[in-house]
Structure formats: C-alpha cells, structure tokens
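Quick note: the coordinates plus some simple rules give every number you see, no bench work behind them. None of these values were measured; they are calculated from a predicted model. Cβ sites come from the backbone with ideal geometry, for glycine too, and all protein chains shown count toward neighbours.
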Amino acid sequence: MERSRPGWLRVLGAHAAVLLVLCAPAARTLAVPPLVPPDRFLEVEGLAAHARELLFLLGYALQPACGERGNRWSAGVGAVGVRGEAAPASRTALLSDVLQKKFGAQPGQGVFVSDQPLTSYGIAGVRAGDIFDVPRSKAPDEDSPPAPAPPPEGSRSKRSLLEQLEALNKRLAALKKFMIERDERIYSADPIRKLTIIRGSAEIPARVRMVRVCDMDLRPVDSANSYAESDNGVVYITAAMLRSLSHVELVAVLSHEAAHVALGLSKDRSKDYRSAKLVFGVLAAIGANAETETRAPKDADLILADRLAMRVAEGLGVEPTVYAESVTKLVAASAGGMAPEYERTRPMNPERADALQRSVQFWTQAQHHCVPRGIDAQQARTVHARARAAWKTPETAFSAVDLRDPVAPETEGNDPPCPD
C-alpha cells in the first residue's frame, strides 16, 4: 500500500517478517517457510528483483480475470521500511540495521532495494537506493484499521491450535479488507502517488501511477531445494531456483503460479494441509511440501493454470512452444526423492503433458489460444492486451500522464473455449 497507515503497520508488524511500507502485502498464510536471514536479505532480494518485477506485470495483466482478488492497487515493488521501535535482536531490528548500514536509511524512512524499470516506480524514475520519508497520516480515524476484539479471558489455553490459527486468519483477513477498501477510496479518485525521493543530497519529486492488479506477492524461500509454489496470494520461489532460471524460464514459472492465483486454484492450500496434519499427524506430510506446508495441485488445476499461463506468458514475449519446453525441462531436471523439488510441486503427469502438447499444436496451427474455464473471451483478450502493453511499452502502460488502460482489439479473434 502506498500511504502511511500507522495503525495497520503496528498490527501487521506483529506477523510480518519484512514490512514493505509501499505496496505492503497483507499476511495471507500462516505457513512459515525458511526465512531469509537478515544478513542475506539484500543478496536474496537481488536474486528476486526481476522476479518481483515480472510478478507485478503478471498481476497487472491478469487483473481483469482475477475476480475478487483483482481490486488491489500497486505501483511495483514497495520500499522496505526501517523501524526504530523493534525489539533489540529481533529479525525486524536486524533487518533495519542492515538497511541503515547499506543505504543510510533512518527509522521512519523507506528504501528501495532494487531497480525495477518495468514498473510504475521505475517509469517514474525511482532507483535502487532511493530513500523517502514515510508521511504521517492526515486522517488517523480513517487510516487506522478496526482494533481486533480480544479473546475471552482465559480462553487462549482452552482453544485448540487450529482455533487459534483460524482466529488469527480472521484478523488478518479483516486487516487486508481494510487496506484494500482504503486504497480503493484513495486511488480510484486519484491514481497518482506523489513522492519526494532522497538520493544523496538531492530531493527529487516523483509522480508514480498506481494501477489495479491481481492481489499476489512474491516470497523468496531460503532453501537449497528448487521449486515454486503458490498459496492464496503468495507465490513462493526458492533462492536455489532463482539462481538457476533463465529469463524465459522465470516467465514460464511465474506465469503458471500467477495463473493459479488469478483462477482461485491456490486458495487455502496451507490451511487444508494443517487441518489434515492435526487429524492424521505425520501421514499428512506424504506428498506435501513441508517447507511451505502445501500439497501439489490436482491434475485438472495444473492443466487449467497452464492454459491461462500460456496466454499471459505469450503477451510477455514467451510463446506457448517455449513455455511448454521450459516447464517440461524444469520438471525433468528436478533431483527427485522426498525433498521438495519442482517435479513434486508441479508434477508433469501424462494428462498435463498431453494437454500442453494440444495447446501448443492449436497455437502453432491457428495462432490463437483457447479460453480456459473461469474467464470469458473478453477477459482473455484483455489479459493478453495488458500483458503485451506492460512488456512492450511500460512507459505508456504505467505513465503518470496518459492514464488510459490498454484495450483489446476486437479483431483479436474469437478464441474457442478450452476442452474440458
């Protein structure tokens, strides 16, 4: 989110490992994969910089097909906040210390830790190392979320772990709803965010265009295993995978995960796993990823996500043939065994391989995509138009001067529905 929210920052700070004070993600899942140590944060953020940029483009492109998740406002990868009130030796305090030493940012300031030329921030001239003062809210009553109701006295020890997790989920869901509604009120009236960037001794005004996106965030996982996952609006990708992927492969992997989010296929995967774990114990871990506490999707969900991913990836310059080759190669290159790897999180079963091949053949013969279940033909065309505009002409798509959204040409065919 783009404006100061002292109230929600305090609430979210209790649960978030890293605060992005611009475009700050709401906590969406209680799974806790291996966190990146503060002393390696900048290294891993460097690895993840292009992935974050691409996920912003994908969120922008998929927004028309994203249903209830399509009403978030963003300008790209937000700045990381430096907090002065964190407990000594806490993760937040250690991370703030890293940012102060590297960039000179002080408590109450935010710092952009990577370049992102394809996003609204990049188009507005924001660079890695730029600092800004987080403005204080002018309307504290409106800008503070409702305080959560305290649990009945003495009830904490009596409630099961699952009940406590459910209560926390409800609190976070209410916080997220507040943030989205507040941004809608602000940015639907005026989508331009005005910042004063501190760069060395200079103060540089910047006009940043906010755009509606599909609500999703990237969370790097500090793991030696190579995989990608999605749970609700969180896209997980490991540091090992980030190191190994080419640009084209990264587009393919993230397009697939973004499609899971847009189509609602990744909803509550970790919640389902935890519920099963409480009932079945260690047996629930069979076939699951213990690092993210999620299970591999159903075969039908993998196929559905591929079909939308091929459309949006093609808008970003990766044709369906290359998409299919990339995901097939990554599955085949997985180490196998019981460790979470791409072959386990996104398996290439015969049904999926056959569906990929048929989609490629259709594209090769007709230069068209089929329309996957869950979106209509107009949404499909608009997704492709937004992806193409974001990739080819980001200076226009995210301009703070020309606020028009790209429109899908009516001449862009009548794509048939994908076969079930």
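Compute the length gained on full extension between Q365 and E319: take 0.36 nm times their separation in residues and subtract their Cα-Cα distance, giving the result in nm to one decimal. Provide the component values of the computation, followed by the final result.
Working: separation 46, 0.36 × 46 = 16.56 nm, distance 1.33 nm.
Contour length minus the Cα-Cα distance gives 15.2 nm.
May I ask you to sort T364, T292 by Cβ crowding, counting other Cβ atoms within 10 Å and putting the fewest first?
Details: T364 11, T292 28.
Listing T364, T292 from fewest to most nearby Cβ atoms yields T364, T292.
Rounded if a/c is under 1.5, else prolate if a/b beats b/c, else oblate: with a ≥ b ≥ c from the C-alpha gyration tensor eigenvalues square-rooted, which is region 336-393? Display every interim value, and only then the final one.
Values: a/c = 2.38, a/b = 1.67, b/c = 1.43.
Prolate.
Based on the Cβ-Cβ distance from S188 to L35, what FRET efficiency comes out when R0 is 45 Å, to the nearest 0.05? Walk me through the intermediate numbers first.
Working: r = 35 Å, r/R0 = 0.78.
With R0 = 45 Å, the Cβ-Cβ based efficiency is 0.80.
Give or take rounding to whole Å, what are the principal axis extents of the alpha carbon atoms in region 35-89, in descending order?
Projected onto the principal axes, the Cα atoms of region 35-89 cover 44, 26, 18 Å.
On a full-extension model of 0.36 nm per residue, what is the gain between S201 and E395, subtracting their alpha-carbon distance, rounded to one decimal in nm? Intermediate results must be reported in sequence, preceding the final value.
Values: separation 194, 0.36 × 194 = 69.84 nm, distance 2.73 nm.
Extra length available between S201 and E395 comes to 67.1 nm.
Taking a label point 7 Å from the Cα of K101 along the Cα→Cβ vector, which residues of region 39-69 have an amide N closer than 12 Å to it?
Label zone hits: 39-42.
How many percent of all Cα-Cα pairs in region 157-248 sit more than 21 Å apart?
63
Need one number: nm distance between label points at K170 and E351, each 7 Å from Cα along Cα→Cβ, rounded to one decimal.
Label at K170, label at E351, 3.6 nm between them.
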